[in-house]
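Asker: Take a look at the following structure, please.
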Amino acid sequence: MEKIYIALVDTPGFFAGIIRLAIQREYIHVVLAMDERLEEAYSVGRRNPFIPWFAGFEKENKRKICSAFPTAKYRIYSLECTKEQKEGIAETLKECYKNRFRFHYCILGLPSILLQKPFYQKRHYTCSSFIARLLSAHGMDLFHKHFSLVTPADFYDYKKDDIIFEGALSDFIEKDRMANVQYHVTRGALYEG
């Protein structure tokens, strides 16, 4: 079995506060990553963490996000999948990234979520609806409901046993940096003797 990773994100801000109020959960954004270090991580959200008005499909940059939101918190968990599913998801993400400016945030669908009425506008998604649709297209239908109705709360409630990290994004970045330093120190020591 292979693994992919879901990162649930809690960032401050006015719009984030509205989402937090609506879904009644601390984490209000969902990211799909192909690796546990979140180097290959994608979502539908802000194109630039510093500018809230422009949103669409983007590759996430954890360092840039930490710079924009120093108090951001993450919960990261793993999902098992087959090798074929992981390869298919990776291929789809590459294709979406090539065409990322054709994807937009689905503002018009937000009232439909509250009313529990499926809504789809071509190439318009929320962070959670994009990931739900992508996973379902690759045989991972986690929530058994229309993708447009999936919220970050669904991802939050889905997994509790495979959490690999929960805490400040700055701590995650530091932990990753220290693991990378340790790797290079160990590797260097092997080549010295």
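The values are calculated or read from the model by the stated rules, or taken from the named source; none is laboratory data. Just so it is clear, the structure is predicted and the values come from calculations on it, not from any experiment. Here the Cβ positions follow ideal geometry from the backbone for every residue, glycine too, while neighbour counts run over all protein chains shown. Quick note on the areas: whole protein, heavy atoms, side chains included, nothing else; ligands and nucleic acids left out. Shrake-Rupley method; radii C 1.70, N 1.55, O 1.52, S 1.80 Å.
Asker: Name the residue that is farthest from Glu40 (Cα to Cα), counting only residues in segment 99-124 that are of a type outside the set (Gly, Ala, Ser) and in a helix (DSSP H, G or I). Break it down stepwise before answering.
Answerer: So the first thing to find is which residues in segment 99-124 are of a type outside the set (Gly, Ala, Ser), and the list is 99-108, 110-111, 113-124.
With in a helix (DSSP H, G or I) added as a condition, the list becomes 100-102, 110-111, 113-115.
Numbers: Arg100: 15, Phe101: 18, Arg102: 20, Leu110: 27, Pro111: 31, Ile113: 28, Leu114: 31, Leu115: 34 Å.
Among them, the one singled out is Leu115.
Asker: Within segment 101-129, can you find the residues that are aromatic (Phe, Trp, Tyr), in contact with a helix residue (DSSP H, G or I) (Cβ under 8 Å, 6 or more places away or on another chain) and open to solvent by 30 Å² or more (accessible area, probe 1.4 Å)?
Answerer: We begin by selecting, within segment 101-129, every residue aromatic (Phe, Trp, Tyr); these are 101, 103, 105, 119-120, 125.
The next check asks that each one be in contact with a helix residue (DSSP H, G or I) (Cβ under 8 Å, 6 or more places away or on another chain); those that pass are 103, 119-120, 125.
Scanning segment 101-129 gives Phe119, Tyr120.
Asker: Of everything in segment 137-159, what is hydroxyl-bearing (Ser, Thr, Tyr) and over 23 Å from Ala90 (Cβ atoms)? Give them in sequence order. Spell out the reasoning first.
Answerer: Of segment 137-159, the ones hydroxyl-bearing (Ser, Thr, Tyr) are 148, 151, 156, 158.
If the condition is that a residue be hydroxyl-bearing (Ser, Thr, Tyr) and over 23 Å from Ala90 (Cβ atoms), then Ser148, Thr151, Tyr156 are the ones that fit.
Asker: Here's a follow-up. Would you check if there is a residue in segment 130-150 being in a loop (DSSP other than H, G, I, E, B), open to solvent by 70 Å² or more (accessible area, probe 1.4 Å) and under 19 Å from Ala16 (Cβ atoms)?
Answerer: No, segment 130-150 contains no residue that is in a loop (DSSP other than H, G, I, E, B), open to solvent by 70 Å² or more (accessible area, probe 1.4 Å) and under 19 Å from Ala16 (Cβ atoms).
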